[in-house]
Structure formats: structure tokens, C-alpha cells
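Structure, as C-alpha cells:
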Amino acid sequence: MNSRRAFALIAAGAALGIGLVAVLATLYTDYGRPRFAAVDVTSVEWGRSFELFDHHGKRRTLDDFRGKVVLLFFGFTHCPDMCPTTLALLGEAMRELGTDAAQVQGLFVTVDPKRDTSEVLAHYLPAFHPSFLGLRGNEEITARTAKEFKIFFQAQPPDAQGAYSVDHCVHVFVFDRSGRLRLLMRPDSGLDSMVRDLRLLLKEGRT
């Protein structure tokens, strides 16, 4: 075998090896541990449960939504910007998922139970997506839930008309079908990234 032919065979073998590595890397990303755009918090020991009432007055826990991917967002209905913007984005993600949206549940936990009654939440949430549920508790339960999810919220002093704002976390907490907290999504991550991550979680639960 001359040196030119030997070099050609070595080069072809190297190219084949590189191609195989690339294919395996793709398979690992798609079928092994997914590479999420959102922050992967799979191993955390918090954010495991809640006990609240939905806007229909029904007691709800995380177990009620087993089998679905859950999107949990804390906010308040008088929020002028981040809350409606984030809920609108979540609603758009649901529409992008098409028929898979039936396997995803959006939940909105109010950090302003004084103003956000069940009636207010029932009017507010369906405007973003008909399947979304508003969740609430009294002030003590709200504080306990916030502590479980390690979020901060604080009402600001009211103005002369009694109106006030509430500072709060803007992350979306994402649970897999088994009820395990998996991701923290930021609203500014974009629709495409959000939908892709949701599809990856939905794919995990399929047999």
C-alpha cells in the first residue's frame, strides 16, 4: 500500500469517526439528558408541594396535576407589566404546542390574596388561556407557599388612592409529569426556547 492510499484511508476513517461522534452527541442530547434552555433545577430539595384553592373554590395540590407538565407562576392581577406579559407568553406557548397543550397545565399563584379574590382570578386567567387556573390562599398560606418555592414578595406602601404594587419573583417554575420541579424559566427566554423545553419534558413522559 503506497503512502498516498494509506493517508486517504486514515483520513476516511477519521472522518467516519468524527461523524459517529457527532451522531452520538445528537442522540445523547435528544434521548439522554436533554439540554434545556431554561435553568435545570432537577436536584433541588425545595418546591415540592403546595396546598391552595383554585378560582373555582376547589382545594388543589401538586398531586392533582400528575401526568401533566405544570407551569407555575407567582404574581398578582393588578401587576401592570411582568404578570400579564408572562401569562400572555405562556398562553402563546400553549397555542404553539397544539394538541400537546392538553398535557400541560398553567397555574397562577397570587401574592396579593387581599385583592385577588376567586372571582377576580376567575375573570383574569381565562383571558390568557382557557385552561389556566388561578390559585390563592390566605396571607399565612401564601407566605408559606412562597417560602417553599424560595421566592420573595413584598407589597409596597399604598398611594393616596389606596393602590399599591407588589414586588415578586418573575420565574416560571416547571414541573415534569411526575410532579418533580425541573426548570426555572425566565419570561425573557423567548417563545421558541420555552416551547422547545416543554416538548422535551413532554417527550420524557412518553412510553
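Each reported figure results from applying straightforward, stated rules to the coordinates on display, with no laboratory input. The model shown is predicted, which means the values in this text are computed figures rather than measured ones. We place every Cβ from the backbone using ideal geometry, glycine too, and count neighbours over all the protein chains shown.
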So Asp192 and Phe152, fully extended at 0.36 nm per residue minus their Cα-Cα distance, gain in nm 11.6 nm
Where a ≥ b ≥ c are root eigenvalues of the Cα gyration tensor, a/c under 1.5 meaning rounded, otherwise prolate if a/b exceeds b/c and oblate otherwise, the range 46-180 counts as prolate
The answer for Leu183, listing residues at least 5 apart or on another chain whose modeled amide H is closer than 5 Å to its amide H, is Val41, Val174
Once Glu45 and Gln103 are pulled to full extension, the length gained, defined as 0.36 nm per residue separation minus their Cα-Cα distance, is 18.4 nm
Partner aspartates and glutamates whose C-alpha sits under 14 Å from that of Lys147, ignoring same-chain residues fewer than 8 away, are Glu45, Glu51, Glu139
With R₀ set to 30 angstrom, the calculated FRET efficiency between the beta-carbons of Glu92 and Gln161, to the nearest 0.05, is 0.35
Here the percent of antiparallel bridges among DSSP beta bridges lying wholly in the range 39-204, to the nearest 5, is 65
The FRET efficiency for Thr61 and Arg35, from their Cβ-Cβ distance with R0 = 25 Å and rounded to 0.05, is 0.20
By Cβ neighbour count within 10 Å, fewest first, Tyr124, Tyr164 rank Tyr164, Tyr124
Most exposed to least, judged by fewest other Cβ atoms within 10 Å, Glu96, Glu119 sort to Glu119, Glu96
Residue separation between Ile141 and Met82 times 0.36 nm, minus their alpha-carbon distance, gives in nm 18.9 nm
In the structure shown, of Lys58/Lys203; Lys58/Lys114; Lys68/Lys203, the pairs separated by more than 21 angstrom at the C-alpha atoms are Lys58/Lys203
